[in-house]
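Reading through the structure tokens given below for one structure.
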Amino acid sequence: MAFARQELAVPSGALNADAPPPELSPEERRRLHRLAAIPLAFALLIYLGNFLSGWLVSRAPLVLLFLNSTDPFLLLIAHEASVVGFMIVGGFRLFAPDLFLYQIGLEYGPNTRSFLDAELGPGNRITRAMDWMEAWFPRVGWLILFAAPGYPMSLLSGMAKMNRVVFVVINLAGTYTRLTLIWWVSSVFEGPVGAVVRFINRYSLPVTVAMIVLVFIQANRSQKRRPPPEASEGSSE
């Protein structure tokens, strides 16, 4: 992986959160929103997958995988789907939004963080993860990308001007390693995982209701943590 380390040389100030970002033109803002629309749509599909998980986990596991590719659902879906379908749909679902996030970081640099704070609120989960990973990125960014491909690392990779081919290769390697490990774990613990799937099938309606309630609770908590516009404007002054 020496070539990856060489390509990860970060330009001066590329990841400097304290540097004031340049003002975006209206056309740049429109393009930024167009690029962000795809990852946002994939993120919203997770909620739909939560709502429909009780009905889809056995009836249409690959549809559920396209909607929700979080680790708990991957574990259940691996028990129900074929290995080929699991790898193809899972790889596409996990990797597709990362391409757009990488492009956002590549084109907009420091403005990426400002955009996330404006859209998701200061101190949101993605920017917190980026803050933690940022200190290690110049030295072992390729390793973190392999171990944890996803929204924060894809944005950081673009902001750090990582070579596109290197990003794609490492991201895909990490994505398929994750899918392979989850498939293996699901096979090793086939009994317990199968019991959970049978429970969900048997009580699909209560599970659906519970998922809807859980999603609304999470959304309400996120809204409460987000400061009102007046407060954020006052703090910025």
Only one of Gly158, Gly141, Gly174, Gly191 is buried (at least 19 other Cβ atoms within 10 Å of the Cβ) and closer than 30 Å to His79 by Cβ, namely Gly174
Of the conditions (1) at pLDDT below 95; (2) in contact with a helix residue (DSSP H, G or I) (Cβ under 9 Å, 6 or more places away or on another chain); (3) not β-branched (Val, Ile, Thr), Ala135 clears all except one; give me its number. (2)
Among the β-branched types (Val, Ile, Thr), in a helix (DSSP H, G or I), over 17 Å from Val196 (Cα atoms) and over 19 Å from the mean Cα position of the chain (by Cα): is that true of Val89 in this structure? no
Near pairs, Cβ below 9 angstrom, 6+ apart or cross-chain, from the stretch 199-227 (at pLDDT 65 or above) to any residue that is of a type in the set (Lys, Arg) and surrounded by 11 or more Cβ atoms within 10 Å (Cβ to Cβ): Asn201/Arg59
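Conditions tested, residue by residue: (1) under 27 Å from Thr127 (Cα atoms); (2) at pLDDT 95 or above; (3) out of contact with any Ser or Thr (no Cβ under 9 Å at 6 or more places or on another chain).
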| residue | (1), (2), (3) |
| --- | --- |
| Arg31 | yes, no, yes |
| His79 | no, no, no |
| Phe92 | yes, yes, yes |
| Asp98 | yes, yes, no |
Restricting attention to the stretch 67-104, report how many residues are crowded, with 16+ Cβ neighbours inside 10 Å and more than 21 Å from Arg34 (Cα to Cα). 16
Is it fair to say Val196 is among the β-branched types (Val, Ile, Thr), at pLDDT 85 or above, on the phi < 0 side of the Ramachandran plot and surrounded by fewer than 18 Cβ atoms within 10 Å (Cβ to Cβ)? yes
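The values are calculated or read from the model by the stated rules, or taken from the named source; none is laboratory data. Since the structure is predicted, the reported quantities are computational estimates derived from the model, not experimental observations. Don't worry about glycine lacking a Cβ; one is built from the backbone with ideal geometry, like all the others, and counts go over all protein chains shown.
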